[in-house]
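Just below is one structure, and these are the notes that go with it.
Laboratory data are not the source of any read-out in this text; all were calculated from the coordinates shown. Note that this is a predicted model, so its numbers are computed, not measured. Counting neighbours? That spans all protein chains shown, and the Cβs are built from the backbone with ideal geometry, glycine included.
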Amino acid sequence: MFKPKHKITNRLLANIKRITELVAQLNAKHLSRTVLLALEKEARELSSFSSTSIEGNPLPLTEVKKILKNKPENMRETEREVINYNQALEKLNKLLNQSRIELTTPLILEIQRGITQGLIAKHRCGRFRLEPVFVNDPRVGKTIYWPPDHQAVKDLMNDLLSYIHKNKTKVDPLILAGLFHKQFVIIHPFIDGNGRTARLATKVLLASMGLNTFNLFSFENYYNRNVSQYFAKVGVLGNYYDIKAKIDFTDWLEYFTDGIIDELLRVSKELAFAAISPETTLKEYHQKIINYIKDKGYITDREYSTITNRAKATRNKDFNNLISLGLIERSGKGKATYYKLKQG
């Protein structure tokens with residue numbers, strides 16, 4: 001059974017508290033749908049670039065953006081890698097927007113199939129490895145890690161997922177996500193696509209446990225800024241069977257939560273910057289509507305008239321502007337009409 005060795009350090013506790021604060025601040029923001037869609041697109045571009053770059057893809061971000069926009073017919077492997085990753089992100093975003101999804105073996109296999117299609121042999125897509133693998137360090141030309149035997153992969157993955165599901169109400173979601181990420185890399189369940197699958201699966205896990213800034217989030221970006229450090233933190237050295245009892249996840253968990261803080265701060269800055277425009281900045285009277293709904297749950301035109309001196313026609317325009325920005329929605333009819341924050 002998977003029994004990860006780790007300590008709850010002061011740094012880790014401080015990181016978890018900071019992440020909780022940042023997530024609450026982000027979730028309290030109400031921006032137009034147009035702005036959010038643009039930021040989601042940018043996050044997917046950044047994630048597709050960063051996650052494939054970590055694995056050695058040489059394409060710069062500017063080129064990745066062009067490829068994702070134009071989708072060339074005759075793709076090179078480097079181009080297909082970023083397109084596959086972007087498509088996987090779009091698919092997962094759609095699933096998460098429709099409902100909460102559980103991280104299961106079939107979903108993990110589907111993620112790996114999506115990111116490796118057209119890049120490796122078809123029979124290796126969407127399947128756990130059926131042969132031994134080795135992790136080499138290209139800088140020194142030597143093998144640095146021998147993962148578990150392929151016969152053990154299925155049981156190890158089942159143990160990992162079982163641990164995650166059994167501890168959802170007992171262990172902090174951020175710690176669970178971090179434990180999953182590193183252990184997945186240690187198991188190395190696929191012939192190819194392990195890192196990309198681990199990062200996507202971890203994002204799904206975070207989203208399913210309440211970190212619902214998934215669409216704007218790209219912690220791959222943090223890892224890509226110092227790939228050597230990422231590999232040193234997430235990986236292990238030696239033969240799995242010799243070191244498995246000694247593996248300590250503490251250092252990785254601190255680094256993992258550092259990365260989430262870094263990315264949440266980036267997203268906060270992006271949201272603040274995006275909100276500053278004539279089309280998206282809320283006027284004082286718009287903010288009064290939003291604040292009233294947050295306090296009471298809804299607002300009627302009559303209630304709005306008590307907190308503003310704007311004429312009825314202008315009040316209607318205010319409601320319609322917020323509806324067009326995707327911030328509120330209208331319910332009821334006639335005198336029973338009221339407005340509430342738009343869901344989803």
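Relative contact order, whole percent, for the chain stands at 24, derived from Cα pairs under 8 Å and 6 or more residues apart.
Rg/Rh for the range 170-323 (Cα atoms only, Rh after Kirkwood) is 1.20.
Here Ile328, Ile120 are placed in order of increasing Cβ neighbour count within 10 Å, fewest first, which gives Ile120, Ile328.
Here, the range 284-341 yields an orientationally averaged convex hull projection of 3.6 nm² when only Cα atoms define the hull. Under a 5 Å amide H cut-off, with hydrogens placed 1.01 Å from N, Ile144 pairs with Val135, Asn136, Asp137 among residues at least 5 apart or on other chains. Dividing the alpha-carbon radius of gyration of the chain by the rule-of-thumb value 2.2 N^0.38 Å gives 1.14. Relative to the 2.2 N^0.38 Å rule of thumb, the range 69-189 has a C-alpha radius of gyration ratio of 1.22. So what is the diffusion coefficient of the range 1-80 in µm² per second by Stokes-Einstein at 20 °C and 1.002 mPa s, using a Kirkwood Rh over Cα pairs? Answer from the Stokes-Einstein relation: 131 µm²/s. Compute the long axis of helix 312-324 from its Cα atoms, compare it with the longest principal axis of the Cα atoms of the chain, and write down the angle in degrees, 0 to 90, nearest 10. Here the helix axis deviates by roughly 10 degrees.
Pairs spanning more than 22 Å between alpha-carbon atoms, out of Lys168/Lys233; Lys122/Lys203; Lys233/Lys269; Lys3/Lys246; Lys29/Lys91: Lys168/Lys233; Lys122/Lys203; Lys233/Lys269; Lys29/Lys91. In order along the range 3-16, the Karplus-derived 3J(HN,Hα) couplings, from 6.51 cos²θ - 1.76 cosθ + 1.60 at θ = phi - 60°, round to 10, x, 8, 6, 10, 8, 7, 4, 5, 5, 4, 5, 5, 4 Hz, and Gly and Pro are given as x. Of all aspartates and glutamates in the structure, the ones whose alpha carbon falls short of 13 Å from that of Lys182, not counting any fewer than 8 places away in one chain, are Asp248, Asp251, Glu254. Of all aspartates and glutamates in the structure, those lying under 18 Å Cα to Cα from Lys94, and not within fewer than 8 positions of it along the same chain, are Glu40, Glu42, Glu45, Glu102, Glu110.
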